[in-house]
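Take a look at the structure set out below.
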């Protein structure tokens, strides 16, 4: 057995492997984000159209035929809940959420943080942590409703389907936030143009 020290190829190999894997995961997450754009837009358009139709049908049935539908308000309510939660993700994609930029401007002006992308990353990380907590407890709440076997009064639909909107859409928001963080990191590294949201 030789007492000579062998070159440290193993750590270098693992570093390169992890770097390549991280790059592939980044590409995959970006592709998922683009697929979500198309699916999300379609779901929002269809759900809005169905909501408007059902509510219009309810008004016609109530005031023209003097016979209202028992399920329409409940159906529209649960569809609106799903619509709203999916809309959170769409708002994130389009940069439509409210943001307070006073703190960011002050930190940049004083030199504590240089690029605006650092603020975007910090805000996205805090939002991602919050989203993960909401997702976890949302799944717990939906599972509790499923275990209890609670159903809605009019449609007799399992109540957990309504509660599932919270964790499912929070998971989508989490994916969008990861994509946003990756895009901001790419801007910091000089690989892409500035993302303004």
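The values are calculated or read from the model by the stated rules, or taken from the named source; none is laboratory data. What you are looking at is a predicted structure, and each value in this text was computed from that prediction instead of being measured. In this analysis, Cβ positions are derived from the backbone assuming ideal geometry, glycine residues included, and neighbour counts consider all displayed protein chains.
Checking every residue in segment 66-79 against the condition of being modelled with pLDDT of 90 or more, within 32 Å of the chain's Cα centre (by Cα) and within 27 Å of residue 95 (Cβ to Cβ) gives at least one match.
Within segment 6-16, is there a residue that is modelled with pLDDT of 80 or more, within 25 Å of residue 180 (Cα to Cα) and within 32 Å of the chain's Cα centre (by Cα)? There is no residue in segment 6-16 that is modelled with pLDDT of 80 or more, within 25 Å of residue 180 (Cα to Cα) and within 32 Å of the chain's Cα centre (by Cα). Within segment 63-104, the set of residues being free of Cβ contacts under 8 Å to residues at least 40 places away in the same chain, part of a helix (DSSP H, G or I), over 30 Å from residue 34 (Cα atoms) and touching a helix residue (DSSP H, G or I) at 6+ places or on another chain (Cβ under 9 Å) comprises 72, 103. Checked against (1) out of contact with any helix residue (DSSP H, G or I) (no Cβ under 6 Å at 6 or more places or on another chain); (2) surrounded by 14 or more Cβ atoms within 10 Å (Cβ to Cβ); (3) modelled with pLDDT under 90, residue 153 passes all but condition (2).
Only residues that are without any contact (Cβ under 8 Å) to a residue 40 or more places away in the chain and surrounded by fewer than 16 Cβ atoms within 10 Å (Cβ to Cβ): list them for segment 125-140, please. 126, 129, 130, 133, 136, 137, 140, listed by residue number. Against the list (1) modelled with pLDDT under 90; (2) in a helix (DSSP H, G or I); (3) under 28 Å from residue 38 (Cα atoms), the condition residue 142 fails is (1). Residue check: residue 176 meets all listed conditions (1) in contact with a helix residue (DSSP H, G or I) (Cβ under 7 Å, 6 or more places away or on another chain); (2) closer than 26 Å to residue 38 by Cα; (3) surrounded by fewer than 17 Cβ atoms within 10 Å (Cβ to Cβ) but one, namely (3). Output yes when any residue across segment 113-124 is assigned to a helix (DSSP H, G or I), under 14 Å from the mean Cα position of the chain (by Cα) and either surrounded by 13 or more Cβ atoms within 10 Å (Cβ to Cβ) or on the phi < 0 side of the Ramachandran plot (or both), and no when none is. Yes, segment 113-124 has at least one match.
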